[in-house]
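S.K.: One structure follows; several queries about it will come next.
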Amino acid sequence: MSLKMPTAKVAGAKAVSARNANSFAGQSVTMRSPVAAPTRVNLQVRAASLQEMRSRIGSVGNTKKITSAMKLVAAAKVRRAQAAVLGGRPFSENLVKVLYGVNQRLRVEDVDVPLTQVRPVKTVLLVCCTGDRGLCGGFNNFMIKKCEARVKELTAMGVETKLVLVGKKAVTYFNNINRASQYNIVKNFDMGQAPSTKEAQVIADEIFSEFVSEEADKVELLYTKFISLIKAEPIVQTLLPLSPEGEVCDINGNCVDAKNDEVFKLTSKDGEFAVERETTEVEVSEFDGSLIFEQDPVQILDAILPLYMNSQVLRALQESIASELAARMQAMTNATNNAKDLQKRLNLEYNRKRQAKITSEIIEICAGASA
């Protein structure tokens, strides 16, 4: 059944519409922003009963306890990761000085060491280091995007790429059925929670075999350099060919070996968790320039360079673990603060609903008594 508006009303409506159109002609019209509608979460909270809101408040409180505990655990592990980095520093720095001393003896000789051989770059091996677990903000995502960008950059230059993946997150991402055909993946490794020399040796052996067999002409290490508890920087470091002097630089020529590290101490301030920072220096004895080598310097260099490469791989794994733990600590801090804020708002809404219920019951009692 269709209803028709009378002809007179239709004509009147058209006249009003035309008059309004003429009155706005040539004038700027200011639109008033509509009132923000309540979100779906607010509607759910307002429609919930008191018992459901008590359950929700308890659930948020339990989540806050979990995230707070995870923050403290990550903070303690960050301190241990920093101690591991500092513990390996004297060995690395002494190794650099020995390399420099040996190189001074070989300045007039043609050094033939496989790890220092520079050849035209046709294939680059990328070692991508991520974490094994999530709940650490954008840590893993940043490193994966950095690796993808580097692969695209090298491909645009006409250079083939191979991938060695360290960390379950990188392995899961690049071995996805939709991406596996786009990348040449050589080997997969787990990162673990406390990288050791043995684990670094396994990765270094794979890198060594790829470079010495000329399957790869250059090896680049992609990892997250630990700077502070709230800052970490994904970098690309050239690992092979090694420099006889033991210089550690990224692909832009910037030094990536920090001489003075900031160590973070876990303390409490006004009953709250706090972090203090201090700068530490590792004392390393000077290299004796009058040292006499019994063996041929070339043989010494051939034995020391693999050790130095292993130390660099271990250092990258330790830096990556420290960065992951710092990112997880920061993410859990934000989650704890958000849970605390949500719990406060839920308590406020719960008290309002409870007060409204009590007021309505009092009104009903008074109305019944007066009747």
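S.K.: Any residue at all in region 69-76 that's in contact with a strand residue (DSSP E or B) (Cβ under 6 Å, 6 or more places away or on another chain) and either crowded, with 18+ Cβ neighbours inside 10 Å or modelled with pLDDT of 80 or more (or both)?
M.R.: yes
Residues checked against (1) under 20 Å from the mean Cα position of the chain (by Cα); (2) at pLDDT 80 or above:
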position	(1), (2)
Gln299	no, no
Met309	no, yes
Ser323	yes, yes
Ala335	yes, yes
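S.K.: Please find, within region 191-216, the residue that is farthest from the chain's Cα centre (by Cα) out of those that are part of a loop (DSSP other than H, G, I, E, B) and surrounded by 20 or more Cβ atoms within 10 Å (Cβ to Cβ).
M.R.: Per the criteria, the residue is Ala216.
S.K.: Only one of Lys198, Lys146 is on the phi < 0 side of the Ramachandran plot and modelled with pLDDT of 90 or more; which?
M.R.: Lys146
S.K.: Return the pair list, or none, for Cβ contacts closer than 9 Å from residues in region 217-241 that are without any contact (Cβ under 8 Å) to a residue 24 or more places away in the chain and in a strand (DSSP E or B) to residues that are surrounded by fewer than 20 Cβ atoms within 10 Å (Cβ to Cβ) and among the polar types (S, T, N, Q), at least 6 apart or on different chains.
M.R.: Ile235/Asn254
S.K.: While we're here: Starting from residues that are in contact (Cβ under 8 Å) with a residue 12 or more places away in the chain and among the small types (Gly, Ala, Ser), keep the ones in region 124-165 and report whichever is surrounded by the fewest Cβ atoms within 10 Å (Cβ to Cβ).
M.R.: Gly138
S.K.: Checking Arg32 against (1) farther than 30 Å from Leu307 by Cβ; (2) assigned to a helix (DSSP H, G or I); (3) among the charged types (D, E, K, R); (4) at pLDDT below 80, which single condition isn't satisfied?
M.R.: Going through (1) farther than 30 Å from Leu307 by Cβ; (2) assigned to a helix (DSSP H, G or I); (3) among the charged types (D, E, K, R); (4) at pLDDT below 80 one by one, Arg32 breaks only (2).
S.K.: Condition (residue is buried (at least 19 other Cβ atoms within 10 Å of the Cβ), among the aliphatic types (A, V, I, L, M) and modelled with pLDDT under 80) applied to region 100-123: is it met by at least one residue?
M.R.: Checked region 100-123: at least one residue is buried (at least 19 other Cβ atoms within 10 Å of the Cβ), among the aliphatic types (A, V, I, L, M) and modelled with pLDDT under 80.
S.K.: Looking only at residues that are of a type in the set (A, V, I, L, M), more than 17 Å from Lys218 (Cα to Cα) and in contact (Cβ under 8 Å) with a residue 40 or more places away in the chain in region 166-190, which one is surrounded by the fewest Cβ atoms within 10 Å (Cβ to Cβ)?
M.R.: The residue in question is Ala170.
S.K.: Give me the pairs, please: first residue somewhere in region 307-327 and closer than 17 Å to Pro234 by Cβ, second residue anywhere and among the charged types (D, E, K, R) and in a helix (DSSP H, G or I), beta-carbon distance under 7 Å, and either six or more positions apart or on two chains.
M.R.: Pairs found: Leu325/Lys77.
S.K.: Still on this structure, I have one more. Considering only region 319-331, state which residues are surrounded by 23 or more Cβ atoms within 10 Å (Cβ to Cβ) and either polar (S, T, N, Q) or within 16 Å of Ser209 (Cα to Cα) (or both).
M.R.: Across region 319-331, the qualifying residues are Ser320, Ser323.
S.K.: In region 315-371, which residues are within 30 Å of Ala200 (Cα to Cα) and either out of contact with any strand residue (DSSP E or B) (no Cβ under 8 Å at 6 or more places or on another chain) or outside any helix (DSSP H, G or I) (or both)?
M.R.: Those that are within 30 Å of Ala200 (Cα to Cα) and either out of contact with any strand residue (DSSP E or B) (no Cβ under 8 Å at 6 or more places or on another chain) or outside any helix (DSSP H, G or I) (or both): Arg315, Gln318, Ile321, Leu325, Arg328, Met329, Gln330, Ala331, Met332.
The values are calculated or read from the model by the stated rules, or taken from the named source; none is laboratory data. Bear in mind that the values here come from a model prediction, so they are computed numbers and not experimental data. Glycine also receives a Cβ, built like all others from the backbone with ideal geometry; neighbour counts cover every protein chain displayed.
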